[in-house]
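The values are calculated or read from the model by the stated rules, or taken from the named source; none is laboratory data. Bear in mind that the values here come from a model prediction, so they are computed numbers and not experimental data. Here the Cβ positions follow ideal geometry from the backbone for every residue, glycine too, while neighbour counts run over all protein chains shown.
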Amino acid sequence: MEISVKGIGTKTLKPNQVTLNFVFKIKNKSYNSALESGTFIIKDYIALLEKLNFKKDSLKTQSFNVSENQIYDEKTHKYIKDGFWNFTQNSSLQFNYDLDKLAKLMQETSKINNPPSYTINFTMKNDKKIREELLDLAFKDAEFQAEAIAKSSKKELKECVKVSFEPFDLNFHSSTEAQNIAICKMNASEDLSKTITNIFVPKDIEISTSIYCLWITK
């Protein structure tokens, strides 16, 4: 007799990493001036990060764009160029989970001219050990099910002869996400540490994986 079962391994973990996704934007009258201004705001922000003890290359560029700005003309019902150019750069920053460090970064960002908008995600490092533990839990779950089925069928479970699983696609993100819109409107001199500690308590991250096992009985 053959028994085919699906085993599921699940773990609940606390986030150990903070990921910030930034959007830097600036508008100017020509392509060159927009590019130059945008380059300067990125350079200045990298200098700010270095003051906060981040490495120079810690800010990673995700996308970059310089394009002519367009506005909607109510008369013609078409978008027309208004003579300005937009500089937009999306970047990300990751560091070990540290609320004090996050609070300092947010506070210093709120003090600069034309600060970037950003979202904050609490994540997990993609840990090989966690993946191994999930597979072990999934196999044990499959074995438990197979034994239960064999017992109810008056059979003795012999061995697992085939295991298959889909490639890992684990969600290492907490469902907690924060945006900086309200934070940036706070008084720049206000101490954010206490506020951030109180409001940014991320939910635990639940991750799981599945395996499919074929067992034989005797």
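Would you mind listing the strands (runs of 3 or more DSSP E) fully within the range 18-127 where at least 3 residues are at pLDDT 95 or above? I'd like the intermediate steps shown before the answer.
Values: elements: 60-73, 78-96, 117-123.
Qualifying strands (runs of 3 or more DSSP E): 78-96.
Scan the range 107-123 for residues that are touching a Phe, Trp or Tyr at 6+ places or on another chain (Cβ under 9 Å) and closer than 17 Å to Ala47 by Cα and jot them down. Explain how you work it out, then say what you get.
Pass one, the range 107-123, residues touching a Phe, Trp or Tyr at 6+ places or on another chain (Cβ under 9 Å): 109, 112, 114-120, 122-123.
Result: Thr109, Ile112, Asn114, Pro115, Pro116.
Among the candidates Glu74, Glu68, which residue alone is out of contact with any strand residue (DSSP E or B) (no Cβ under 6 Å at 6 or more places or on another chain), among the charged types (D, E, K, R) and more than 24 Å from Ile205 (Cα to Cα)? Spell out the reasoning first.
Details: Glu68 fails: out of contact with any strand residue (DSSP E or B) (no Cβ under 6 Å at 6 or more places or on another chain).
None of the other options fit; the residue is Glu74.
Could you go through the range 162-169 and let me know if any residue there is modelled with pLDDT of 60 or more, surrounded by 12 or more Cβ atoms within 10 Å (Cβ to Cβ), of a type in the set (Val, Ile, Thr) and not in a helix (DSSP H, G or I).
The answer is yes; a qualifying residue exists.
Is there any pair linking a residue in the range 40-53 that is touching a residue at least 60 places away in the same chain (Cβ under 8 Å) and on the phi > 0 side of the Ramachandran plot to one that is loosely packed, with under 13 Cβ neighbours inside 10 Å and part of a helix (DSSP H, G or I), with Cβ under 8 Å and at least six apart or on different chains, and which?
Final answer for the pair search is none.
Can you tell me which residues in the range 11-51 are more than 22 Å from the chain's Cα centre (by Cα), closer than 20 Å to Lys111 by Cβ and surrounded by fewer than 18 Cβ atoms within 10 Å (Cβ to Cβ)?
Matches in the range 11-51: Ser37, Phe40, Lys43, Asp44, Ala47, Leu48, Glu50, Lys51.
List the residue pairs whose Cβ atoms are under 8 Å apart, where the first residue sits in the range 63-82 and is in contact (Cβ under 8 Å) with a residue 24 or more places away in the chain, the second is among the acidic types (Asp, Glu), and the two are 6 or more positions apart or on different chains.
Listed pairs, sorted by first residue: Asn69/Asp82.
Of the residues Glu147, Glu108, Glu143, Glu132, which single one is surrounded by 12 or more Cβ atoms within 10 Å (Cβ to Cβ), without any contact (Cβ under 8 Å) to a residue 40 or more places away in the chain and assigned by TED's automatic domain parsing to the domain that holds Ile216? Full working, then the answer.
On the way: Glu108 fails: without any contact (Cβ under 8 Å) to a residue 40 or more places away in the chain; Glu143 fails: without any contact (Cβ under 8 Å) to a residue 40 or more places away in the chain; Glu132 fails: surrounded by 12 or more Cβ atoms within 10 Å (Cβ to Cβ).
Step by step, each of Glu147, Glu108, Glu143, Glu132 is checked, and only Glu147 is surrounded by 12 or more Cβ atoms within 10 Å (Cβ to Cβ), without any contact (Cβ under 8 Å) to a residue 40 or more places away in the chain and assigned by TED's automatic domain parsing to the domain that holds Ile216.
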